């Protein structure tokens, strides 16, 4: 009789493990929850869901329960810095900068905390060992979207733009069709590829980087100038880019 509670606990543990699942949505042959075996990895889920070859594997997203808290803190930090920027801009009599900070604050506020992990989700690359076969957890999600032939430009622009994707066009050249504001940092932009990889790119004559080409579905963040304020907010644009990288096409507002 004394062993019953222990046996019950073991049975409960076994049941909870067997019920662990990862949900797969988007352009896959078998969408829905996939039972996750103990120690289950990406290949265990992908082999059941079978993403279609026509889906845009580069923009696929792995949303992790374990990353929600960390990314929630990132979002809070970005919102805090934007509010500091707004107040500081008002103190320095830069009302246009304050309005931009408020607009960005409203945009980020509407964006969800996704828990997206930056990793390669190409089924072939994972299968042959060219990409990590990531260990998964209960409640994680996989999303395989359709291709979107656009590049989105955000940040210190008059209005966010969705521009037609142009093969091999440099990141800086998209700004010709989505002009920056006078409150933009003119020397750089942030390139956020559809897989979540993020890079600061030099675009001024003195630091211009060539070969920085967005893929279809990328985002370009035009950074907000703040080094002329006291105090400056040096990490604002990088953290904003990192948070934008967690967003998927299906959930960006």
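Throughout, read-outs are computed from the coordinates displayed, never taken from laboratory work. Nothing here was measured: the structure is a model prediction, and the numbers come from that model. All Cβ positions, even for glycine, are placed from backbone atoms using ideal geometry, and neighbour counts span all protein chains on display.
Overview of values
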read-out	value
Distance from the range 106-131 to the range 52-79 (C-alpha centre basis), Å	5 Å
Choice from 140, 44, 228 with maximal GNM fluctuation in the chain (Cα, 10 Å cutoff)	228
For 180, 47, order by how many other beta-carbon atoms lie within 10 Å, fewest first	47, 180
Distance (nanometres) between label positions extended 7 Å along Cα→Cβ at residue 128 and residue 54	2.4 nm
Inter-part distance where the range 20-51 and the range 171-236 are each reduced to a Cα centre, Å	36 Å
In nm, spacing of pseudo-spin labels at residue 68 and residue 166 (7 Å Cα→C-beta vector)	4.2 nm
Top of 129, 139, 77 by mean-square fluctuation, Gaussian network on the chain, Cα under 10 Å	129
Extended-chain gain in nm, criterion 0.36 nm per residue less alpha-carbon gap, residue 76 and residue 92	3.3 nm
Footprinting exposure proxy for 225, 219 (fewest neighbouring C-beta atoms within 10 Å first)	225, 219
Förster radius 22 Å - calculated FRET efficiency between residue 23 and residue 84 (Cβ-Cβ, nearest 0.05)	0.05
Where labels lie 7 Å past Cα in the beta-carbon direction, separation of residue 110 and residue 47 in nm	4.3 nm
Global geometry of the range 167-253, whether rounded, prolate or oblate, following the gyration tensor of its Cα atoms and the 1.5 cut on a/c	oblate
Global form of the range 65-244, assessed from the alpha-carbon gyration tensor, a/c cut-off 1.5	oblate
Peptide ranges 199-206, 96-103 listed from the most packed, as the mean C-beta count within 10 angstrom indicates	96-103, 199-206
Residues 147, 208, 110, sorted so that the one with the fewest Cβ neighbours within 10 Å comes first	110, 208, 147
